[in-house]
Amino acid sequence: MLQRRIAVPCMAVLLLASAVAARAVTVDVQVGGSAGLAYSPKVVTIHTGDTVRWSNAGGLHNVAADDGSFHCSNDCSGNSDVSSNAWVSSHTFNAAGTFPYHCDQHGGPGGSGMSGTVVVQSTGPAPQPGSVGFSPATYNVSESAGTVAVHVSRTGGADGAVSVAYAVTAGTAAAGSDFTPTSGTLTWGDQDSADKTFQVTIVNDAVTESNETVSLALSSPTGGASIGTGSGTITIADDDAPGPTAPAAPSNLTATGVSSTDIQLNWKDNSNNETGFRIENKTASTAYQLVATAPPNSTGATVSGLSPATAYTFHVRANGAGGNSNFSNEATASTLGDTAPCVAGRNTLCLGEGGRFKAEVAWSSQSSGSGNAIAVPLASAPQSGLFYFIDPSNIEMLVKVLNACVPALGNHYWVFYAATTNVQFTLTVTDTRSGQVKTYTNALNHAASPIQDTNAFATCP
């Protein structure tokens, strides 16, 4: 089992009922020194199989479990009296529970004086190997292109090594005379989320013919990865026929909220014959509409005049003398929200540390109309809260915002929710410190699926 050594602050980590064990870690705790007559951090939360390593930074100290299960200074055996040496001792916790400890010289059982606590949970978060898929899934090229670089992306997680097989076969194009069939395997290492590419050779001929297609396919994923967009198409435009061709579709579209009214778009320009770009967006309740244009050779644009704290989905296409390209991939982002402190109210939950994250839900149904969900805070569990839509005896949704601001967990705040409903709803979660917004939706008459978004907010601490 791979061991990672990190310093972990006091935090809460969600226990997933179906999760597999996380890789063991070693947590460092400073004893004395600049911390004074204290352990730093005072409380650590780990999982079974993890290790706590105490290091004396100055002073006459030791580590003594209140229940006598460990007693450490120069080691964790018989030689464990208080010592002013620069000692380092470790103890591995193989059982779940809460383990208070103290310094025999400056503290005592029950949290008296110089004391600390180790909280051991039974499992860690489940690995997220992610999904692999074509990005983009469609390519438009001239038969004189020579080769086409096909991109495959890994999204939704990068835990562990994964691979996927690819194959290039005939659609309406003829193998050998229009393109060269190929196949192979793409691989990603642990924490590798970079795009992988493979080349498809296009054969140029002197025959005037209509546009033809080549089929792309992904199969046989390994390492727990799933396949997202597993099929694609290369359209080969004949360069022997007169007349201009449509430009190639832009790809690798990304969207980022930069203010309460602006979202920045970036994309890859895959053509050299466009006369401009058309940018369209939609919300959860609207269809795609044209919202902006960009000049030729652009690789990005800022879309302004949007509503605050609202999620928008975008796609982009190039246009030229030969017509419009296919659309790019879709990209979704939310405009920034209010950075004023969260105020709990009838329709608002303030979740997470210090109530930093504001959660609100709007709902709609065919039989009961629409409205804003009623918040039900949980005083005993401030990271979590409930919502009901119509009947206070019928709780519809549980929402959690968790602190995972450590490298081993991705340095993010997590958003998890579960809803027992098929009503249309939109959950909006705002980080009131940064203004970043995450929006989650459920379609009408669709049984809501649980969400475990471990990349929700990269706004630590």
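The values are calculated or read from the model by the stated rules, or taken from the named source; none is laboratory data. Every value quoted in this text rests on a predicted model; they were computed, and no experiment measured them. Please note: Cβ atoms are built from the backbone with ideal geometry, for glycine as well, and neighbour counts cover all protein chains shown. To get the accessible areas, we keep the full protein, side chains included, count just its heavy atoms, and leave off ligands, DNA and RNA. Shrake-Rupley method; radii C 1.70, N 1.55, O 1.52, S 1.80 Å.
Would you please put 356-369, 132-145 in order of how densely packed they are, using the mean number of other Cβ atoms within 10 angstrom per residue and starting with the highest?
132-145, 356-369
Here are labelled values, [x] 0.97; [y] 1.07; [z] 1.23, and one is the computed Cα Rg over 2.2 N^0.38 Å for what I pasted. Which one?
It is the value labelled [z].
Computed on alpha carbon atoms, what radius of gyration and Dmax characterise region 281-422, expressed in Å?
Cα radius of gyration and Dmax of region 281-422 are 19.6, 64 Å respectively.
At a threshold of 8 angstrom on Cα-Cα distance, excluding pairs fewer than six apart, so keeping six or more, what relative contact order does region 249-300 reach in percent?
32
Can you order the peptides 160-167, 375-382, 174-181 by their average number of other Cβ atoms within 10 Å per residue, highest first? Please report the intermediate quantities before stating the final value.
Values: 160-167: 18.4, 375-382: 13.0, 174-181: 15.5.
Taking the mean over residues of other Cβ atoms within 10 Å, the ranking is 160-167, 174-181, 375-382.
Using alpha-carbon pairs under 8 Å, 6+ residues apart, how would you state the relative contact order of region 235-347 in percent?
33
Using the beta-carbon distance between THR197 and THR293 and R0 = 41 Å, what value does 1/(1 + (r/R0)^6) give for FRET efficiency, to the nearest 0.05? Show your work: numbers first, answer last.
Working: r = 29 Å, r/R0 = 0.72.
Plugging the Cβ-Cβ distance into 1/(1 + (r/R0)^6) gives 0.90.
Find which of VAL258, ASN211, PHE179 sits farthest along the positive direction of the dipole of region 150-297, computed with +1 on the beta-carbon of Lys and Arg, -1 on that of Asp and Glu, about the Cα centre.
Highest projection toward the positive end goes to VAL258.
Convert 20 °C to kelvin, take the viscosity as 1.002 mPa s, use the Kirkwood radius over C-alpha pairs of region 21-119 as Rh, and evaluate the Stokes-Einstein diffusion coefficient in µm²/s, rounded to a whole number.
164
So, counting K/R as plus one and D/E as minus one, what does the shell of residues with Cβ under 14 Å around ALA309 add up to?
Values: positive: LYS358, LYS438; negative: ASP262, ASP338, GLU360, ASP431.
Once all neighbours under 14 Å are counted, the net charge is -2.
What's the extension gain from ASN422 to SER367 if we count 0.36 nm per residue and subtract their Cα-Cα distance? Please list the in-between numbers first.
Values: separation 55, 0.36 × 55 = 19.80 nm, distance 1.21 nm.
That works out to 18.6 nm of additional length.
If amide hydrogens are placed 1.01 Å from N in the peptide plane, which non-local residues have theirs closer than 5 Å to the one on THR261?
LEU336
Which of the three applies to region 354-414, rounded, prolate or oblate, going by the alpha-carbon gyration tensor with a ≥ b ≥ c and a/c under 1.5 meaning rounded?
It comes out prolate by the Cα gyration axes.
So with the 1.4 Å probe, I'd like the accessible area per residue for the chain, rounded to whole Å². All intermediate terms of the calculation are to be shown ahead of the outcome.
Working: 20210 Å² over 461 residues.
Heavy-atom SASA per residue in the chain reads 44 Å².
Just for the chain, what percent of DSSP beta bridges are antiparallel, to the closest 5?
Details: 122 of 144 bridges.
Of the beta bridges lying entirely in the chain, close to 85 percent run antiparallel.
Report, to the nearest whole %, how much of the accessible area of region 324-461 belongs to carbon and sulfur atoms, 1.4 Å probe, protein only.
Carbon and sulfur atoms account for 50 percent of the accessible area of region 324-461.
Straight-line reach only, C-alpha to C-alpha below 17 angstrom: list the lysines that LYS438 could link to, leaving out same-chain residues fewer than 8 apart.
LYS282, LYS358, LYS400
Which chymotrypsin sites (Phe, Trp or Tyr not before Pro) in region 389-425 pass both tests, a DSSP loop state and at most 10 other beta-carbon atoms within 10 Å?
When the chymotrypsin sites (Phe, Trp or Tyr not before Pro) of region 389-425 are filtered for loop state and at most 10 Cβ neighbours within 10 Å, nothing remains.
Amide H neighbours of ALA456 under 5 Å, counting only residues 5+ apart in sequence or on other chains, H built in-plane at 1.01 Å?
Placed amide hydrogens put VAL415 under 5 Å from ALA456.
Arrange the peptides 278-287, 310-319 so that the one whose residues have, on average, the most other Cβ atoms within 10 Å appears first.
Ranking the peptides 278-287, 310-319 by packing returns 310-319, 278-287.
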